[in-house]
Amino acid sequence: MVSCVGFGALPIAGLSVEEARTVLDAALDCGINFIDTARGYKESEQLIGGAVSRRRKEFFLATKSKARKEQKIMEELETSLTLLKTNRLDLYQVHFVTTPDDLREVLARGGALDVFTKIKARGAADFIGVTGHDAKVLLEAAKTGEFDTVQGAFSYVERERQVLDLIEYCAGRDIGFIVQKPLAGGALTAAPAGLKWVLQHPVSTVIPGMVTPEQVARNTAIGDGPYSLADAEREELDRIAGGLDKEFCRRCFYCHPACPEKIRIGVVLEFYGKAKIKDNLALSRRWYGGYTVNAANCTECGLCLPACPYHLPIVEMLKEAHALLG
């Protein structure tokens, strides 16, 4: 059994070894027993390996690979195991399966799923998962019966019917549902209320990002319930979510195919949103700096606008994003 609150390890990238050790030790000491990272999370795996490999028996360890070809997947697996200082993973996840085409590629004969199955058979991973941001695509992945876990975004802000359908499907078929971004990437500043609201649903664990022992203590204080919200807590969530409605990117990525410049608009806007939280600014700038095609490449053609189901002012948001992150 995993703890109801897990540890999302993307934000620890950028911390010093000592800072990472402090926050990860605090998490384990508070009863967190699930740590989730990815090969693509910069130095996150290395920091976890250096900080808490001595406590490996105390937690379930999950990482991910976005690779789709066998050679690259195996290379990334070996790198992950080396950096994490372990000989096995509790959960290895096919990362960032965002579109129907992505899923078809993963499921094709000789595709990523076949490779992950080999990895499981040889004992390097106990379970296989899938992650993404489109609930409809993740539901189709879950319906294959090939994945032990599904990881998707769910929060008081991102609570569309299709996400609830996905969660209910997984709960009814003993598929673990891991909630990424339960605080909408830090936008839901009323953290205890936001986490309690998510845990009212049949999910397996929530994995908020945490970079200080204080954040760990705050997030784990909700314990094992009850998760009912006081009127004041729900009103605060409504107030925060209402303020985000006009300019909050929900990362559906419907805008990506529309962009002739191939800007990963949803990714840019995700880190723009994170950067508005002071603690996330430095890391968001590092991630943004790693993209050779970014918001500066926008020609203001406007083709992305009709593709957005939330009617966001994408062109203006990209300008603001580059001004903050560039």
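Read-outs: derived from the displayed coordinates by stated rules, not from any lab. Worth saying up front: this structure is predicted, and the values here are computed from it rather than measured. Cβ placement follows ideal geometry from the backbone for every residue including glycine, while neighbour counts extend to all protein chains displayed.
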- Note on the structure: In the set Glu168, Glu140, the lone residue that is charged (D, E, K, R), in a helix (DSSP H, G or I) and free of Cβ contacts under 8 Å to residues at least 40 places away in the same chain is Glu168
- Message: So for the range 66-89 (the condition being in contact with a His (Cβ under 6 Å, 6 or more places away or on another chain) and either part of a loop (DSSP other than H, G, I, E, B) or farther than 28 Å from Leu199 by Cβ (or both)), does at least one residue qualify?
- Response: yes
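Conditions (1) of a type in the set (S, T, N, Q); (2) in a helix (DSSP H, G or I); (3) over 19 Å from Asn87 (Cβ atoms), marked per residue:
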site	(1), (2), (3)
Met1	no, no, yes
Ala13	no, no, yes
Thr22	yes, yes, yes
Arg56	no, yes, no
- Of all the residues that make up the range 249-295, how many are more than 19 Å from Gly14 (Cα to Cα), touching a residue at least 12 places away in the same chain (Cβ under 8 Å) and surrounded by fewer than 16 Cβ atoms within 10 Å (Cβ to Cβ)? 5
- Out of the residues in the range 24-38 that are surrounded by fewer than 21 Cβ atoms within 10 Å (Cβ to Cβ) and assigned to a loop (DSSP other than H, G, I, E, B), state the one that is nearest to the chain's Cα centre (by Cα). Asn33
- Item | Complete set of residues in the range 202-226 that are over 18 Å from the mean Cα position of the chain (by Cα), β-branched (Val, Ile, Thr) and not in a helix (DSSP H, G or I) | Thr212, Ile222
- Message: Here is a list: Val106, Val115, Val137, Val157. Which entry is in contact with a Ser or Thr (Cβ under 8 Å, 6 or more places away or on another chain) and among the β-branched types (Val, Ile, Thr)?
- Response: Val137
- Inspect all residues belonging to the range 34-52 and state whether any of them is among the aliphatic types (A, V, I, L, M), more than 20 Å from Gln180 (Cα to Cα) and out of contact with any Ser or Thr (no Cβ under 9 Å at 6 or more places or on another chain). yes
- Message: Test of understanding: among Leu229, Leu188, which residue is assigned to a loop (DSSP other than H, G, I, E, B) and in contact with a Ser or Thr (Cβ under 7 Å, 6 or more places away or on another chain)?
- Response: Leu188
- Message: Can you tell me how many residues within the range 232-280 are over 14 Å from Ala307 (Cβ atoms), outside any loop (DSSP other than H, G, I, E, B) and within 22 Å of the chain's Cα centre (by Cα)?
- Response: 15
- Task: Scan the range 99-121 and give yes if some residue there is under 27 Å from Ala275 (Cα atoms) and not aliphatic (A, V, I, L, M), otherwise no.
- Result: yes
